[in-house]
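Enquirer: Provided herewith is a single structure, encoded as structure tokens, for subsequent inquiry.
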Amino acid sequence: MNDFTNQQIQAYKPMTPAELASIVMNKQELYILDVRNEEDYSDWRIEGHGITSANLPYFDLLDGVEPALELLPEQGDVLVVCAKEGSSIFVAERLAESGRSSITYLQGGMKAWSEHLEPVHIGKLQDGGDLYQFVRLGKGCLSYMVLSGGEAAVIDSLRMTVVYKQFAFSRGARITHTIDTHLHADHISGGRALAEETGATYYLPSKDADEVVFAYSPLEHRSELRVGSTDLAIQPIYSPGHTIGSTSLIIDGQYLISGDILFVESIGRPDLAGKSGYWAGHLRTTLYDTYAALPKKLIVLPAHFSKYTELGEGGKVAAKLGDLFESNPGLHFTDEDTFRKAVTEQLPPQPNDYERIRQVNMGKETLTQDEQRDMEIGPNRCAIHDN
Amino acid sequence: MTQPSIRANTILDCQGLACPMPIVRTKKAIESLIPGEVIEVQATDRGSLADIQSWAKKTGHHYLGTVEEGGGGMLKHFIRKAASSEEKQDLSYPHTTTADQLQKLQADAITKLVVLDVREPAEYAFEHIPGAVSIPLGELEHRMNQELDSNTAIHVVCRSGNRSDIACQMLSEAGFSKVHNVISGMSGWTGAVEGIRAKEGGRANHE
């Protein structure tokens, strides 16, 4: 009890996922003590330019937090993180009791972090339109909203549909289109649900929709979609390879929404439906012929990122197509054989539960919110270099 | 989905509790167990599945396995309290066989070999040598004469070879003449197994 005579009990506070997102995107410094088990930590953790993190499972701290105190920097902010938040509160409380100041815990834990979407303004479109990227830092998913003349199109929507509805509402826009560039395997699509909730039309490439059990509008090559009352066009470009139906979108002649075909630091993997050998050829044609023929000034906006190093200014994930033909290793496999090997051999593990996620996205399986959340835990692993 | 119930020395109810409570409670409950006894931890927090395995590994307790109950999402974790005497490899029963030799003997045998498994029922339930007879060490004295033939060759296994060493001495003293201790026990066994884990497709303790 005498321990407390010269050690003041400190307060500890929650940090919201939004606050953490702002730290990561602005490249601020933060020390993270992750108290999940080692397997979960090595599988998937919070990363960023200014983030330093260490792993010490909460069950190693049941007898006292001394091992953690030895590990932590003497001063500065510390964020304690666990799966849901219970164990991080448990550890944060004890760290605060021991006299360590500036202790916070992540509200809702990795589950909440995995669901947080941070909107980033990408650029202006003609006639006063805007393009936003929604960055899901916790999982590396990127979705988009095109705003124009009071209408909105949402591309590769995630299942957190309320975020898009609120954002569109705050801009005075009505969601009229929801578009999936392909049938996703790493996360549950929100495209159909968002369309149902808002009265929008849901578009999906028909070649990916062989087995879907719901109605949709086919996303057809060169069959333009219009958002708002202006001439703002979304131009679909058939670009198979990650899936057989994968379709890219050129927006307003400025942006190339590349889905899971081309990323900033890698390219898509062709194996998530068990047809890697067959789709590798399509992937090569898409990247080395179709994409190579597109204007180099297009800004590439992918559906995923895998490393925090892909986060650019203000947290946006984007790159000029011309620059990617210079720097992206996936665009430099000179002969067909090397390319085929790179996209079919030594691939990273597949995304968690990817087969069931595909079933859900085809409407064949219905799950509770909790089940959906659990199923999506972990990194997206959609690129060939995600090791 | 009907799983025969697995016998444990004590049951801890952690249903409805979120992490860290299932582990906090398990740690406390296991303190009052006798080394070698088995606790069944009932939890609904799925996070407990990986955590309890990591925790057991670090503390030296022996994680036996987990069964999932029907559709209610209840997990039953089985853990055996570490017994400090088991860490010492101080075997005294002279007639021994290695796990590999036993496997070879089984393959060559014309009649079925008697394998006696003296581990706790929960350990046996998750994984055992096909056809092995289960009599936990604590019950051996009362059951040996009724259930075993003192003239047959008996190969005795446990997890590591220590409990089976004690069992061999007990059997030998009681007049069982052809008893062999399988040194390294189940931890050295690479042959076929039966039990809950085998049914789950050979899922390892630590995935």
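Read the figures in this text as sums done on the coordinates, not as results from a lab. Source: prediction; values computed, not measured. Virtual Cβ from ideal backbone geometry, glycine too; neighbours counted across all protein chains shown.
Enquirer: Hey, fewest Cβ within 10 Å first, where do A:24, B:156, A:81 land in order?
Expert: Lowest count first: A:24, A:81, B:156.
Enquirer: Return one quarter of the surface area of the convex hull spanned by the alpha-carbon atoms of chain B, equal to its mean projected area, in nm².
Expert: 12.0
Enquirer: Rank the residues A:275, B:27 as a footprinting-exposure proxy: fewest other Cβ atoms within 10 Å of their Cβ go first.
Expert: Fewest-to-most Cβ neighbours within 10 Å comes out as A:275, B:27.
Enquirer: Dipole size in debye (nearest 20) for the protein assembly as shown around its Cα centre, Lys and Arg Cβ +1, Asp and Glu Cβ -1?
Expert: Computed about the Cα centre, the dipole is about 580 debye.
Enquirer: Then there's this: Expressed as a whole number of Å, what is the distance separating the alpha-carbon centroids of the range A:350-387 and the range A:1-77?
Expert: 28
Enquirer: List, in the order given, every pair from A:341/B:199; A:27/A:297; A:139/A:364; A:84/A:364 whose Cα-Cα distance in the structure shown is over 31 Å.
Expert: With Cα atoms farther than 31 Å apart: A:341/B:199.
Enquirer: With Kirkwood's inverse mean 1/r over C-alpha pairs for Rh, give me the Rg to Rh ratio of the range A:82-184, two decimals please.
Expert: Result for the range A:82-184 is an Rg/Rh of 1.16.
Enquirer: Go ahead and estimate [θ] at 222 nm for the protein assembly as shown from helices alone: -39,500 (n - 2.57) per DSSP H run with n ≥ 4, summed, over the residue count, rounded to 500.
Expert: -8000 deg cm²/dmol
Enquirer: Next question. Measure nothing fancy, just the Cα-based angle from helix A:161-170's long axis to the longest principal axis of chain A, in degrees from 0 to 90, nearest 10.
Expert: Compared with the principal axis, the helix lies near 80 degrees.
Enquirer: What spacing in nm lies between the two simple spin-label points modelled at residue A:38 and residue A:346, each 7 Å away from Cα in the Cβ direction?
Expert: According to this spin-label approximation, the distance is 2.6 nm.
Enquirer: Would you mind computing, in nm to one decimal, how far apart the modelled labels at residue A:71 and residue B:178 are, each placed 7 Å from Cα along Cα→Cβ?
Expert: Once both label points are built, they end up 5.6 nm from each other.
Enquirer: Classify the range A:263-382 from the C-alpha gyration tensor, please: rounded if a/c falls under 1.5, else prolate or oblate depending on whether a/b exceeds b/c.
Expert: Judged from the Cα gyration tensor, the range A:263-382 comes out oblate (a/c at least 1.5, b/c at or above a/b).
Enquirer: In a Gaussian network model over chain A where Cα atoms closer than 10 Å are linked, find which of A:175, A:357, A:23 has the largest mean-square fluctuation.
Expert: Looking only at A:175, A:357, A:23, the biggest GNM fluctuation is shown by A:23.
Enquirer: How large is Rg over Rh for the range B:10-82, taking Rg from the Cα atoms and Rh as the Kirkwood inverse mean of 1/r across Cα pairs?
Expert: Rounded to two decimals, Rg over Rh is 0.93.
Enquirer: Give a quick list of trypsin sites (Lys or Arg not before Pro) in the range B:82-185 that DSSP marks as loop, anything other than H, G, I, E or B, with at most 12 other Cβ atoms within 10 Å.
Expert: Hits after loop and neighbour filter: B:88, B:112.
Enquirer: Next question, about the same structure. Using only Cα atoms, figure out Rg for the protein assembly as shown and give it as a multiple of 2.2 N^0.38 Å.
Expert: Dividing the Cα radius of gyration by 2.2 N^0.38 Å gives 1.18.
Enquirer: Let a ≥ b ≥ c be the square roots of the eigenvalues of the Cα gyration tensor of the range A:2-113; is it rounded (a/c under 1.5), or, if not, prolate (a/b larger than b/c) or oblate?
Expert: Note, shape of the range A:2-113 comes out prolate.
Enquirer: Is there a quick way to get the dipole size of the range B:85-188? I mean about its Cα centre, with the Cβ of Lys and Arg at +1 and of Asp and Glu at -1; what is the value in debye to the nearest 20?
Expert: 240
Enquirer: Does a label point 7 Å from the Cα of residue A:26, set along Cα-to-beta-carbon, have any residues of the range A:129-165 with amide nitrogen under 20 Å, and which are they?
Expert: Zone members listed by number: A:133-138.
Enquirer: Nearest 10 degrees is fine. How inclined is helix B:21-31 to the longest principal axis of chain B, computing both from alpha carbons?
Expert: The helix B:21-31 is inclined about 40 degrees to chain B.
Enquirer: Just rank B:111, A:201, A:161, fewest to most, by other beta-carbon atoms within 10 angstrom.
Expert: B:111, A:201, A:161
Enquirer: Also: What residue among A:267, A:51, A:257 has the largest mean-square fluctuation in a Gaussian network model of chain A, using Cα springs under 10 Å?
Expert: A:51
Enquirer: Ok, one more. Return a whole-number percent for the relative contact order of chain A, with Cα pairs under 8 Å and 6 or more residues apart as the contact set.
Expert: Here the relative contact order equals 13 percent.
Enquirer: On a 0 to 90° scale, report how tilted helix A:276-285 is relative to the longest principal axis of chain A, with both axes built from alpha carbons and the result rounded to the nearest 10.
Expert: The helix A:276-285 is inclined about 70 degrees to chain A.
Enquirer: What shape does the range B:85-188 take by its C-alpha gyration tensor, where a ≥ b ≥ c are the square roots of the eigenvalues and a/c under 1.5 counts as rounded, a/b above b/c as prolate, and the rest as oblate?
Expert: Because its axes are fairly even, with a/c under 1.5, the range B:85-188 counts as rounded.
Enquirer: Give me a comma-separated list of calculated 3J(HN,Hα) values for the range A:311-328, in order, Karplus coefficients 6.51, -1.76, 1.60 applied at θ = phi - 60°, integers in Hz, x for any Gly or Pro.
Expert: 6, x, 3, x, x, 7, 10, 7, 7, 5, 4, x, 5, 5, 5, 7, 9, 6
Enquirer: Count neighbours as other Cβ atoms within 10 Å of each site's Cβ, and list the GluC sites (Glu not before Pro) in the range A:93-164 that are DSSP loop with at most 11 such neighbours.
Expert: Counting only loop positions with at most 11 other Cβ atoms within 10 Å, none of the GluC sites (Glu not before Pro) in the range A:93-164 qualifies.
Enquirer: Expressed in nm to one decimal, what extension gain is obtained for the pair residue A:18 and residue A:233 from 0.36 nm per residue of sequence separation less their Cα-Cα distance?
Expert: Length gained between residue A:18 and residue A:233: 74.2 nm.
Enquirer: Quickly rank A:135-143, B:49-57 as a protection proxy: mean count of other C-beta atoms within 10 Å, highest first.
Expert: A:135-143, B:49-57
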